[in-house]
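Remarks on the structure that follows.
The values are calculated or read from the model by the stated rules, or taken from the named source; none is laboratory data. These numbers come from a predicted model, not from an experiment. All Cβ positions, even for glycine, are placed from backbone atoms using ideal geometry, and neighbour counts span all protein chains on display.
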Amino acid sequence: MVKISKEAALEYHESGRPGKIEVKPTKAYRTQTDLSLAYSPGVAYPCLEIQQDPDSAYKYTDKGNLVAVISNGTAVLGLGDIGAVSGKPVMEGKGLLFKIYGGIDVFDIEVDEKDPEKFCEAIERIAPTFGGINLEDIKAPECFYIEERLKKNLNIPVMHDDQHGTAIISAAGLKNALEVNGKDISKVRIVVNGAGAAAISCTKLYVALGAKRENIVMLDSKGVITSDRPNLTEQKKYFATDRCNIHTLEEAVKDADVFVGLSKGNVLTQDMVRSMAKDPIVFALANPVPEISYEDAMESRPDVLMATGRSDYPNQINNVIGFPYIFRGALDVNATAINEEMKMAAVLAIADLAKQPVPDVVNDVYKVNNLTFGPSYFIPKPVDPRLITEVSAAVAKAAMDSGVARKHITDWNSYKNQLRQLLGQETKLTQKLYDTARNHPQRVVFAEAVHPTMLKAAVQAKAEGICSPILLGNDETIEKLAKSLDLNIDGIEIVNLRHPREQERRERYAHILTQKRQRDGYTFQEANDKMFERNYFGMMMVETGEADAFITGLYTKYSNTIKVANEVIGIRPEYKHFGTMHIINSAKGTLYLADTLINQDPQAEELVDIAKLSANAVRFFNETPNIAMISHSNFGSDTSVGSQKVRDAVKILQETCPELAVEGEMQIGFALDKELRDEMYPFNHLKGLDVNTLIFPNLTSARSSYKMLQMLDSNVEIIGPVQIGLNKPIHFTDFGSSVRDIVNITAVAVIDAYVEKVKNEVKSK
């Protein structure tokens, strides 16, 4: 676990703008008209609509995406009653987690009031502002009363996360842990060390899952809670055991199947763990020091199934797995409550997710290759991008089924797509790419299948239904790698291009290439030797129609790959050059950048081809190209060779392609700011248009631009490089490409191949 110093923590919260959250406008505000719509007089109209129909507040305001994180500071983390304002950093932090994981806006509200009645009165009066209320860090037993009263009196979701968040995650973990060790929840003996809000709520949810109250022993600071103990609260009385002969944790845990700690550190010893039943489950959830360390528990006996609240050990019980998505689902159906059905739906969705194949992004974050359901992984990781779709959808559906939803979802696929877009996991463009590719899957050759990233991408592309992969490489090596990565490659074709059984095909390809390039000095022997190289062999598969598309470049030198593509595939006859583009998806829209890989220092003629090819590619993605030719100067303000070549290219394009919206040379700031561009240069051919295509004067500027965007903003989605100009679908990956990057390119390659087939069919008629 990373050691955090006081100095570092204070510096983090103080540096720059103090605190961790801010409020940002979501509507235009730069003009007088904007301000008149936002406030007076325009704001009166939604006010009157809401007066007529209060539920329309969800339509005209942020109410439907706004949660209040509310505390009185009486039970802040492990610090206790430190006061309302002292707890504000925690509430801001909770707001941060709501936003980054669930896309939910938060106002943190610290109420300086310990009296439960007065506290509730304050909350009830401000409740109309919010679509939901998250109660936080309120001590027991007052928290039970506060939550129940607010749930009764308010018609929006209310949840005390300290209770229910922990309960939901631990219940999902317990369900799966019992499945791993093959035990029946109705028969297991459970010891719960702790009797606070979280412990009570957890244990109630275990009962809802099937645990028997008579098999549960709960302890507080005084020891085992027995039925003969006087002055028990209602909550403790519910779990008081009739086993009045046990009093200590040591006595309670003997022969128990499950230990759940929600108390303090280092109270469970190795000897106590050894005294438990076969295949014991230990949830040591005290933070930052668990009831027993992971190392001590595993050392005590090898059959322990262990979970903690810490991120540096397997199976972390982390509330962030639950609350952003529970509220997300509740808000999206304008729910009036978070009820037991919705909590249970979250439990089951979280539990089920741990049994599914783990996305590569999760493995990358945790530096592992093969997270699979079992003793070391029975709870999803907080970074799992599927949590927002699976848990939120399950909660929303449960709200609808249980009758607390005011809004109904009918298209669940569309809803999940919206959630992915919300967190930037996918955009409309990527969704369209994947959907189109799924409708027209093609045979795609993956050149570097012996590389873990390429192999994972091929398997994922098959799982996504976008292609039939063909893996190039030694079959034994690929199979061994797949096994080590826990990848299922059943049904995937492997072509060992260097094996003697491929001799006939190598020779056939060599004859074809020799004939094609005989005027370039090619001999059959030379061509045959080249067929032992994966790029030559793989591209020949596409050239001959034995495959539809080809993916390469993960660790191959670009110069070599470009040379091979020119020799084997060739450039479209109407062009003399080819290139690549990168697609940038950001909050401000989609941009197409070229050339980002092939042409180092293109001259005017090359820039013309790149611009025309880019225009075709942009149309391929169903957009109208508005092209800016980028330079360091604006419209002749500099006479250097570098700016002159761009000016020459623009002149040629405007004369030969008058239908094309293209202008330059211009600086990138003027290209992307149409108001500034049109004011300073009213004669420009792009007047009134938003530029979506940027043609750079050289490779350095193009690559630097998209790489800088990539490094500065993790929310920016970059697809590419997308090949433009070759005769057939040969596509390149970038050095350091992720699995998702390669799958994205695969989807583009599949669509490219499909379009190519349609064109050829039209020509043949």
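Against the list (1) more than 30 Å from Gly132 (Cα to Cα); (2) at pLDDT below 95; (3) basic (Lys, Arg), the condition Lys254 fails is (2). Against the test of being outside the structural domain of Val304 (by TED's automatic domain parsing) and modelled with pLDDT of 95 or more, the options Leu178, Leu150 yield a single qualifying residue, Leu150.
Listed here are the residues, each with its yes/no results for (1) assigned by TED's automatic domain parsing to the domain that holds Arg328; (2) over 17 Å from Ile126 (Cβ atoms); (3) touching a residue at least 60 places away in the same chain (Cβ under 8 Å); (4) charged (D, E, K, R).
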position: Ser36; (1), (2), (3), (4): no, yes, no, no
position: Pro41; (1), (2), (3), (4): no, yes, no, no
position: Pro46; (1), (2), (3), (4): no, yes, no, no
position: Val69; (1), (2), (3), (4): no, no, yes, no
position: Val76; (1), (2), (3), (4): no, yes, yes, no
position: Gly80; (1), (2), (3), (4): no, yes, no, no
position: Gly87; (1), (2), (3), (4): no, yes, no, no
position: Gly93; (1), (2), (3), (4): no, yes, yes, no
position: Phe98; (1), (2), (3), (4): no, yes, yes, no
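Just to confirm my filter: which helices (runs of 4 or more DSSP H) fall fully inside segment 452-518 and include at least 3 residues that are out of contact with any Cys (no Cβ under 7 Å at 6 or more places or on another chain) and free of Cβ contacts under 8 Å to residues at least 24 places away in the same chain? Of the helices (runs of 4 or more DSSP H) lying wholly inside segment 452-518, those with at least 3 residues that are out of contact with any Cys (no Cβ under 7 Å at 6 or more places or on another chain) and free of Cβ contacts under 8 Å to residues at least 24 places away in the same chain span 475-484, 503-516. Picking from residues in segment 513-538 that are among the polar types (S, T, N, Q) and surrounded by fewer than 20 Cβ atoms within 10 Å (Cβ to Cβ), the one that is farthest from Val495 (Cα to Cα) is Gln518. Residue under question is Asn72, and the condition is that it be among the polar types (S, T, N, Q), in contact with a strand residue (DSSP E or B) (Cβ under 6 Å, 6 or more places away or on another chain) and either within 30 Å of Gln163 (Cβ to Cβ) or surrounded by 15 or more Cβ atoms within 10 Å (Cβ to Cβ) (or both); does it hold? It is false that Asn72 is among the polar types (S, T, N, Q), in contact with a strand residue (DSSP E or B) (Cβ under 6 Å, 6 or more places away or on another chain) and either within 30 Å of Gln163 (Cβ to Cβ) or surrounded by 15 or more Cβ atoms within 10 Å (Cβ to Cβ) (or both).
Give me the pairs: first residue in segment 679-695 and assigned by TED's automatic domain parsing to the domain that holds Leu591, second residue among the β-branched types (Val, Ile, Thr), beta-carbon distance under 6 Å, and six or more apart or on different chains, which are they? Once the first residue is assigned by TED's automatic domain parsing to the domain that holds Leu591 and sits in segment 679-695, its partners that are among the β-branched types (Val, Ile, Thr) give Thr693/Val618; Thr693/Ile627; Leu694/Ile630; Ile695/Ile610. Could you list, in sequence order, the residues of segment 140-161 that are among the acidic types (Asp, Glu) and either touching a strand residue (DSSP E or B) at 6+ places or on another chain (Cβ under 9 Å) or closer than 19 Å to Ala399 by Cα (or both)? Hits for segment 140-161 are Glu147, Glu148, Asp161. When Asp271, Asp312, Asp332 are checked against the criterion of being surrounded by fewer than 17 Cβ atoms within 10 Å (Cβ to Cβ), at pLDDT 95 or above and not aliphatic (A, V, I, L, M), Asp271 stands alone in meeting it. Name, by its number, the condition in (1) in contact (Cβ under 8 Å) with a residue 40 or more places away in the chain; (2) more than 16 Å from Pro625 (Cα to Cα); (3) of a type in the set (Gly, Ala, Ser) that does not hold for Gly669. Condition (1) is where Gly669 drops out. Could you list all residues from segment 299-346 that are part of a helix (DSSP H, G or I) and either without any contact (Cβ under 8 Å) to a residue 24 or more places away in the chain or over 29 Å from Lys151 (Cβ atoms) (or both)? Hits for segment 299-346 are Glu299, Ser300. Once segment 112-126 is narrowed to residues that are closer than 30 Å to Val391 by Cβ and surrounded by fewer than 17 Cβ atoms within 10 Å (Cβ to Cβ), the residue that is farthest from the chain's Cα centre (by Cα) is Glu124.
Which of the residues spanning segment 357-383 are within 19 Å of the chain's Cα centre (by Cα), modelled with pLDDT of 90 or more and either surrounded by fewer than 16 Cβ atoms within 10 Å (Cβ to Cβ) or aliphatic (A, V, I, L, M) (or both)? Listed by number, the list holds a single entry, Ile379.
For segment 50-61, a residue qualifies if it is surrounded by 14 or more Cβ atoms within 10 Å (Cβ to Cβ) and not aromatic (Phe, Trp, Tyr), and the qualifying residues are Ile50, Ser56, Ala57, Thr61.
Residues satisfying the criterion are present in segment 554-575 (criterion: under 25 Å from the mean Cα position of the chain (by Cα) and not charged (D, E, K, R)). Checking each residue in segment 384-416 for being within 20 Å of Leu97 (Cβ to Cβ), polar (S, T, N, Q) and without any contact (Cβ under 8 Å) to a residue 40 or more places away in the chain picks out only Thr389.
Glu574 meets each of the listed conditions (1) more than 30 Å from Asp673 (Cβ to Cβ); (2) in a helix (DSSP H, G or I); (3) not assigned by TED's automatic domain parsing to the domain that holds Ala463 apart from (2). In this structure, Ala547 does satisfy being small (Gly, Ala, Ser) and at pLDDT 95 or above. Counted as qualifying within segment 144-261 are the helices (runs of 4 or more DSSP H) with 2 or more residues that are under 38 Å from the mean Cα position of the chain (by Cα) and buried (at least 24 other Cβ atoms within 10 Å of the Cβ), namely 161-181, 197-209.
Looking at segment 410-443, which of its residues are touching a helix residue (DSSP H, G or I) at 6+ places or on another chain (Cβ under 6 Å), at pLDDT 90 or above and under 26 Å from Phe735 (Cα atoms)? Of everything in segment 410-443, just one residue is touching a helix residue (DSSP H, G or I) at 6+ places or on another chain (Cβ under 6 Å), at pLDDT 90 or above and under 26 Å from Phe735 (Cα atoms), namely Gln442. Restricting segment 282-298 to residues that are part of a loop (DSSP other than H, G, I, E, B), hydrophobic (A, V, I, L, M, F, W, C) and surrounded by 19 or more Cβ atoms within 10 Å (Cβ to Cβ) leaves a set whose member that is modelled with the lowest pLDDT is Ala286. Against the numbered list (1) farther than 22 Å from Ala399 by Cβ; (2) touching a Ser or Thr at 6+ places or on another chain (Cβ under 7 Å); (3) not in a loop (DSSP other than H, G, I, E, B), Asp137 comes up short only at (3). Taking Thr561 as the residue in question, decide whether it is crowded, with 16+ Cβ neighbours inside 10 Å and within 14 Å of Ile470 (Cβ to Cβ). No: the conditions fail for Thr561.
Considering segment 33-78, and only residues there that are in contact with a helix residue (DSSP H, G or I) (Cβ under 6 Å, 6 or more places away or on another chain) and of a type in the set (Gly, Ala, Ser), the residue that is farthest from Ala330 (Cα to Cα) turns out to be Gly42.
Summed over segment 438-451, residues that are out of contact with any strand residue (DSSP E or B) (no Cβ under 7 Å at 6 or more places or on another chain) and touching a residue at least 60 places away in the same chain (Cβ under 8 Å) total 2. Within segment 607-621, does at least one residue satisfy the condition of being surrounded by fewer than 19 Cβ atoms within 10 Å (Cβ to Cβ), free of Cβ contacts under 8 Å to residues at least 40 places away in the same chain and more than 21 Å from Asp741 (Cβ to Cβ)? Within segment 607-621, one or more residues are surrounded by fewer than 19 Cβ atoms within 10 Å (Cβ to Cβ), free of Cβ contacts under 8 Å to residues at least 40 places away in the same chain and more than 21 Å from Asp741 (Cβ to Cβ).
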